[in-house]
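Below you'll find the structure, written out as structure tokens, and then a few comments.
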Amino acid sequence: MKPDALLFDFDGVLIESEYAGNRQLAEWLTAAGHPTTPEAAMEQFMGYAGADFLARVEAYIGHAIPPDFHAAREAEDARVMAEGIDAVAGAVAFVRALPADLPRAVVSSSSTRWIRRHLDHIGLADAFGDHVYSGREHVARGKPAPDLYLYGAARLGVPIDRCAIIEDSPVGATGAVASGGHVIGFCAGAHCGVGHADRLREIGVAAVAGDFAEVARVLEMA
């Protein structure tokens, strides 16, 4: 498929944030008496945000989230906002090589503040213009609902079935497939272990790519 627009997930697609964030979560859970590996944290929580994320944590630990959880998360967020998070290999070059007139947007569960901070850090502050959309800010239902992808496509003025969506998490891929877009399951981030591609295929993505060169080939851009 040669798309008329591109919709990018952010964490795990453009920046290497998924493994680091789930490692911190696993460390907190383990210290709180719930032994958890980063891999198990990704299995349970990757792709969720806001109230949905907190509800899953509460279900996992079996009680209300204690105040120190929020303090630990805020401290980690402050640290990475100050330091920045590096790009996924090939991400910056891929975005910079896109045709100037090809519409593109970020559609992420993260806040627009988070997205723009790290776009700036990796040198893509200008790459998406105003088309940076958050599942917690722009739609009533975040991922795994399809709403954010439909919203992003509508804002770009492109039918969703003419959009390619690059997603790395099973939660995101579920919503992306449900939206009717052409979904590429992306497996280049450090968090993508053995079996990750198979999970995305089971969800129904149109293709799986192990790096951005493969994304370009799938989208007939190479």
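The values are calculated or read from the model by the stated rules, or taken from the named source; none is laboratory data. None of these values were measured; they are calculated from a predicted model. Positions of Cβ are backbone-derived with ideal geometry, glycine not excepted, and every protein chain shown enters the neighbour counts.
When each of Asp9, Asp77, Asp68 is tested for being of a type in the set (Asp, Glu) and in contact with a helix residue (DSSP H, G or I) (Cβ under 7 Å, 6 or more places away or on another chain), the lone residue that passes is Asp9. Taking the criterion of being under 28 Å from Ala51 (Cα atoms) and of a type in the set (Asp, Glu), would at least one residue in segment 100-122 satisfy it? Among the residues of segment 100-122, at least one is under 28 Å from Ala51 (Cα atoms) and of a type in the set (Asp, Glu), which makes the answer yes.
Of everything in segment 101-112 that is over 13 Å from Leu14 (Cβ atoms) and at pLDDT 95 or above, the residue that is surrounded by the fewest Cβ atoms within 10 Å (Cβ to Cβ) is Asp101.
Reported count of residues in segment 61-85, each being in contact with a Ser or Thr (Cβ under 9 Å, 6 or more places away or on another chain) and either surrounded by fewer than 15 Cβ atoms within 10 Å (Cβ to Cβ) or part of a loop (DSSP other than H, G, I, E, B) (or both), is 1.
How many residues are part of a loop (DSSP other than H, G, I, E, B) and hydrophobic (A, V, I, L, M, F, W, C) when one looks only at segment 99-113? Residues meeting the conditions: 2. For segment 178-202, filtering for residues that are in contact with an Asp or Glu (Cβ under 9 Å, 6 or more places away or on another chain) and either more than 22 Å from Arg23 (Cβ to Cβ) or in a helix (DSSP H, G or I) (or both) leaves 9.
Check Arg96, Arg116 and return the single one that is assigned to a helix (DSSP H, G or I), surrounded by 15 or more Cβ atoms within 10 Å (Cβ to Cβ) and over 13 Å from the mean Cα position of the chain (by Cα). Exactly one of Arg96, Arg116 is assigned to a helix (DSSP H, G or I), surrounded by 15 or more Cβ atoms within 10 Å (Cβ to Cβ) and over 13 Å from the mean Cα position of the chain (by Cα), namely Arg116. Please verify whether Pro144 is surrounded by fewer than 21 Cβ atoms within 10 Å (Cβ to Cβ) and not basic (Lys, Arg), treating the condition exactly as stated. Spelling it out, it is not the case that Pro144 is surrounded by fewer than 21 Cβ atoms within 10 Å (Cβ to Cβ) and not basic (Lys, Arg).
Is it true that Ala190 is in contact with a helix residue (DSSP H, G or I) (Cβ under 8 Å, 6 or more places away or on another chain) and without any contact (Cβ under 8 Å) to a residue 12 or more places away in the chain?
No: the conditions fail for Ala190.
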